[in-house]
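What follows is a short report on a single structure.
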Amino acid sequence: MRVTTTDGRQVDLEQGALDGLRTRIRGQVLLPGDAGYEESRTVWNAMIDRRPAFVVRCLGTADVIAGVRFAREHGILLCIKGGGHNIAGLATADGALMLDLSPMRGVWLDPRERVAHAQGGCLLGDVDRETQVHGLAAVLGFVSATGVAGLTLGGGFGYLTRRWGWTSDNVVGMDVVTADGRLVRASCEENPDLFWGLRGGGGNFGVVTGIDYALFRVGPEVVGGIVAWPASEAPGVLEMYRTLAEAAPPELTLVALLRLAPPAPWLPQEMHGKPIVAVLACHSGRPENGEKAVAPIKAFGKPVGDVLVRRPYTQIQALLDATQPKGRRYYWKSEYLPGIEPALCEKVIAHGATIPSPHSAVILFQIGGALNHRSPEHSAVGNRDARYLFNVTGSWEQPSDDAANVAWVRSAWNDMKSFSTGGAYINFQTADEGPERIVAALGGALERLGKIKAKWDPENVFRTNRNIEPTR
Ligand SMILES: Cc1cc2nc3c(=O)[nH]c(=O)nc-3n(C[C@H](O)[C@H](O)[C@H](O)COP(=O)(O)OP(=O)(O)OC[C@H]3O[C@@H](n4cnc5c(N)ncnc54)[C@H](O)[C@@H]3O)c2cc1C
């Protein structure tokens, strides 16, 4: 079998070596043509089409250790798949040994200590489902099929961020298989340098087999959902969004977006495919407070659809899932923002009016709050001045439409990026974003991260990510 080495050469791997690996794996070793190989090798973004030489579907930490040691022994390029949601397709690489953690989706809870232990292949929905049994929640993201590991290693934000910070701010500890195939603990007490780097510095330092999240009392019922108006109302709606967001309590998170109306049952049929402006909201506190907080949104103008209501927290956490299926073509560009200026709203409206695909959107996320209150040195994630984020999300079906959709995203981004804090979210970066964008994402943390890399992965075994070179 042909494999790619860490230095990019193509070499043959003997059948005997692969047979030996099989005896050391409790999960599966999948080759091209095997049932399950396609599912493992493909990722959420169909623009990414890579073929690992083989896949180790890990059933536990021992499989991860065996896989890392095997890759090291034979000098094979290693890639790691969590939820497979990274837009740049960082989970997969041609000719590599892929460690696919998707069978590792166990969640254990200590409700008294308010900590959840999630295995490294968990999706966000796995954690929400188990924590909500106890009326608790971890700080996670907006789409339930996203992997916890990739999200957390890059920072992570969602509806609870304004109360408790980045997802990575709320990690108590991680279990990590290092480049030399050892299992170590990373926490404030054990290997604090590694722990610092893992919280934002990506999967550069090892394979995370488990994450312990601090939990908070949320739900089971919250006020959340979406209200939509015709796009002609966008100037007023975005001004209302801007004003409400600035005054919002930490429990309330508001997202504004422009797109073409999806064929959703909560929108009248005559609106389907027409341009809309919408506000997505979640108030994670007491529902009666939530209802008061979102009343101005519901009362604004003449909405064409309104499903901003009391609902289970797990439901709001999955509300956007249907809009983000695996297998479409995606291209995004985003920037952190210090605030929302009226001039930015004008540009959002202008680019919303030229959307070339029924699945694309221009989105303003409110973040800020608790994440702004920690020291910039707290962990690698940084960007403590970010209060909002814009994301221009291109999403379409046919390869023949690639050029038009990518051009639309890039033109909107180019026109709006002067509003940026100068920082960019590492987890939203596409495959064509180069080293200067890693600097935009990690800025001042890079020097320290290079030293942590030199200590924990001096030979750069974990390189198929937003890579940080070891610096000595
Ligand atoms: C539809 C959608 C919605 C999103 N919503 C949000 C959101 O609300 N908030 C937010 O912050 N982000 C969001 N993201 C971005 C998301 O955080 C990143 O795409 C993230 O990389 C996804 O993690 P994953 O495990 O699914 O990805 P993968 O593609 O599996 O992995 C991403 C990177 O992490 C590495 N990795 C994965 N698992 C491990 C592991 N166990 N150990 C070590 N390295 C590992 C991979 O090697 C790769 O480099 C969203 C993405 C999508 C596609």
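Each reported figure results from applying straightforward, stated rules to the coordinates on display, with no laboratory input. Just so you know, these numbers come straight off a predicted model, no measurement behind them. Cβ atoms come from the backbone with ideal geometry, glycine included; neighbour counts cover every protein chain shown.
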Using only the alpha-carbon atoms of the stretch 21-110, report the extent along each of the three principal axes, biggest first, to the nearest angstrom. 38, 36, 23
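Normalized C-alpha radius of gyration of the chain, against 2.2 N^0.38 Å?
0.96
How much length is gained on full extension from Arg182 to Glu239, taking 0.36 nm per residue of separation minus their Cα-Cα distance?
Going from the current span to full extension adds 15.2 nm.
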Between Lys298 and Glu346, what length comes free when the chain is fully extended (0.36 nm per residue of separation minus the Cα-Cα distance, one decimal in nm)? 15.0 nm
Let me have the 222 nm mean residue ellipticity of the chain computed from DSSP H runs of 4+ only, each contributing -39500 (n - 2.57), with the sum over all residues rounded to the nearest 500. -8000 deg cm²/dmol
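With a/c under 1.5 counting as rounded, go ahead and sort the stretch 64-142 into rounded, prolate or oblate using the C-alpha gyration tensor (a ≥ b ≥ c being the square roots of the eigenvalues; past the cut-off, prolate if a/b is larger than b/c, else oblate). The partial results should precede the final answer.
On the way: a/c = 4.02, a/b = 2.07, b/c = 1.94.
It is prolate, given that a/c is not under 1.5 and a/b is the larger ratio.
Based on the mean of other beta carbon atoms within 10 Å per residue, what is the order of 436-443, 371-378, most packed first?
Averaged packing, sorted descending, gives the order 436-443, 371-378.
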The chain: angle of helix 402-416 to the longest principal axis, Cα-based, in degrees nearest 10: 60 degrees
Using all C-alpha to C-alpha distances in the stretch 392-472, build P(r) with 10 Å bins and read off the rounded percent in each one. 15, 38, 26, 17, 3
Run the quick spin-label model on Thr471 and Leu320: label points 7 Å from Cα toward the beta carbon, then report their separation in nm to one decimal. 3.3 nm
Would you list Cys188, Cys79, Cys58 from fewest to most Cβ contacts within 10 Å? Cys188, Cys79, Cys58
Relative contact order of the chain, defined on C-alpha pairs under 8 angstrom at six or more residues apart (%): 16 percent
Rounded if a/c under 1.5, otherwise prolate or oblate - the stretch 169-323, Cα gyration tensor axes: prolate
Taking the Cα-to-Cβ direction at Glu436 and at Arg26 and moving 7 Å from each Cα, how far apart do the two end points lie in nm? 4.8 nm
In nm, the gap between the two label points placed 7 Å beyond Cα toward Cβ at Asn414 and Asn372 is 3.2 nm
How far, in degrees from 0 to 90, does helix 61-74 lean away from the longest principal axis of the Cα atoms of the chain, to the nearest 10? 60 degrees
Please give the peptides 230-241, 107-118 ranked by average Cβ packing (other Cβ atoms within 10 Å per residue), highest first, as a rough proxy for protection. 230-241, 107-118
